[in-house]
Amino acid sequence: MPPKAKFTKQSIIDAAFEIAKAEGLGGITIRKVADKLGSSIAPIYVNFKDVEELTGEVVRSIFELSRRLLKEHDTGNPFHDIGAASLRFAREYSVLFRDLVLKPNDRMSGYEEELTVLVAHMKSDPELEGFTEEELKGLLFKMRIFQLGLSVMVANGLLPDGFGEEMEQGLLDSTAKELIAAARMRKQGLSI
């Protein structure tokens, strides 16, 4: 009799991630993960008490993926980098994007931690020098509102034909420059 295949916790999470990528987080079931692995459900229950715990690990993997995408787009311009990573995620993982952003859920509770990472990234940009942490958070919030709307349009195929990645990024970059310029003017007491 051949030895039974052993499944690591990570291989189980990876299989669940693939299911979520295609069907959304609600598509993850212990049975589907077992089928994807070609196993019984037993190895999954050895590693996870229930599907919620497994789904939580998939969400953590999504946050890790988000950080990796941000690092891959590290140009030194935080709004460009954040926008490029978000648009890429919306394009390549549209089901997950819609699941996390467009549906009410409590899975984004770890997002505050992500904000800290993003603000730290912003502090390294000489163009944002002189802004307090609170001001940077305010800028990030405004930019995220715009970027999220554009990402929703990307994930749902709502942009006009011919509106490609370069145009998407150009739109994000010009909006970021305008937000920063307006914030600087306000900081100097000038009206906009």
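Figures for the structure shown
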| read-out | value |
| --- | --- |
| Anchor LYS187: aspartates and glutamates whose Cα lies under 13 Å away (excluding residues fewer than 8 positions away in-chain) | GLU129, GLU134, GLU135 |
| Under 14 Å from the GLU127 label point (7 Å along Cα→beta-carbon), backbone N, segment 159-189 | 169-184 |
| Test item: Cα-centred dipole of the chain, Lys/Arg +1 and Asp/Glu -1 on Cβ, debye | 500 debye |
| Close Lys-Lys pairs in segment 31-142, where close means Cα under 29 Å and separation is 8 or more or interchain | 13 |
| Relative contact order [Cα under 8 Å, 6+ residues apart], the chain, whole percent | 20 percent |
| Label-point separation, ASP35 to GLU134 (7 Å along Cα→Cβ), nm | 5.4 nm |
| Base-10 log of normalised Debye intensity for segment 69-165 (one unit scatterer per alpha-carbon) at q = 0.14, 0.15, 0.18 Å⁻¹ | -0.56, -0.64, -0.90 |
| For segment 57-67, 3J(HN,Hα) per residue [Karplus equation, 6.51 cos²θ - 1.76 cosθ + 1.60, θ = phi - 60°, Hz, x = Gly/Pro] | 5, 5, 4, 4, 5, 5, 5, 4, 4, 4, 5 |
| log₁₀ of I(q)/I(0) at q = 0.10, 0.17, 0.21 Å⁻¹ - segment 109-192, Debye sum with one point per alpha carbon | -0.30, -0.80, -1.06 |
| Hydrodynamic radius by Kirkwood, which averages 1/r over all alpha carbon pairs of the chain, in angstrom | 18.6 Å |
| For the chain, accessible area per residue (1.4 Å probe, heavy atoms of protein chains only), Å² | 57 Å² |
| Long-range Cα-Cα pairs in segment 32-111 (distance over 19 Å), rounded percent | 50 percent |
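The values are calculated or read from the model by the stated rules, or taken from the named source; none is laboratory data. What you see is a predicted model, and the numbers here were worked out from it, not measured in a lab. For neighbour counting, all protein chains shown are included, and Cβ atoms are generated from backbone atoms with ideal geometry for every residue, glycine included. Please note that ligands, DNA and RNA were not included when accessible areas were found on the heavy atoms of the full protein model with its side chains. Shrake-Rupley method; radii C 1.70, N 1.55, O 1.52, S 1.80 Å.
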